[in-house]
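The values are calculated or read from the model by the stated rules, or taken from the named source; none is laboratory data. Just so we're clear, the structure is a prediction, and the values are computed from it rather than from any experiment. As a convention, Cβ positions derive from the backbone with ideal geometry for all residues, glycine included, and neighbour counts pool all protein chains shown. When the accessible area is computed, the model is the full protein with side chains, heavy atoms only, and any ligands, DNA or RNA have been set aside. Shrake-Rupley method; radii C 1.70, N 1.55, O 1.52, S 1.80 Å.
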Amino acid sequence: MTEKYFFDTDCLSAFLWVREESILARLYAGRIVLPTQVYNELQRVPHLLARVDTLKNNGDLSVESMEAGSEEYKDYLQMTTMPESGMRIVGRGEAAGIAMAKQRNGTLASNNLRDILPYVEKYDISHITTGDILMEAMDAGIITEAEGNTIWSDMIRKRRLLPTATFSEYLVNCHNSEGAEE
């Protein structure tokens, strides 16, 4: 089975705000899943929703919901209302993405590490961020490092919270952390 990528609002929006969602389509066509909760959050920003609908109409993205009473729905409710001891309440989009990635063996695409990392670690969920996606796009020849820097600075200008000032700095930090683990 082809791995699916469950996006939360923040990670997807980083690409939508700078009109670079084609990167996602080229990397993950047909494997991008938006939980209904994320799709609903995007309805508050009509021009972003229009871009999502284009991805959906092209078959690059699907909107999926959880069945009431299912294990993933139980996980979702717990994360959004009464988390277990030591865990924090997370937003609906993040919780839906975590629950779906956990139960469907997919990858969670989220930048909100402070909120989601405890769940990612607890449930051993595969996880990517905007930086990881741009790095994958560069490795695939979709963008150059210079284009990555332009996209990164555009994202920051649109008030997306990213971990470094530039994409190049992100690449150096990733390279250094990989070397430290070896």
Residues in segment 122-159 that are part of a helix (DSSP H, G or I), under 16 Å from the mean Cα position of the chain (by Cα), under 30 Å from ASP75 (Cα atoms) and without any contact (Cβ under 8 Å) to a residue 60 or more places away in the chain total 2
Within segment 1-44, how many residues are of a type in the set (A, V, I, L, M) and more than 23 Å from GLU72 (Cα to Cα)? 8
I'm checking my understanding of the structure. Among residues of segment 99-114 that are within 10 Å of the chain's Cα centre (by Cα) and open to solvent by less than 10 Å² (accessible area, probe 1.4 Å), which one is farthest from THR129 (Cα to Cα)? THR107
State which residue is nearest to VAL33 (Cα to Cα) when the search covers only segment 76-98 and only residues that are among the β-branched types (Val, Ile, Thr) and open to solvent by 20 Å² or more (accessible area, probe 1.4 Å). THR80
Can you name the number of the only condition in (1) in contact with a helix residue (DSSP H, G or I) (Cβ under 9 Å, 6 or more places away or on another chain); (2) open to solvent by 40 Å² or more (accessible area, probe 1.4 Å); (3) assigned to a helix (DSSP H, G or I) that PRO118 fails? (1)
So which residues in segment 67-96 are hydroxyl-bearing (Ser, Thr, Tyr) and either in contact with a Pro (Cβ under 9 Å, 6 or more places away or on another chain) or part of a loop (DSSP other than H, G, I, E, B) (or both), if there are any at all? SER70, TYR76, SER85
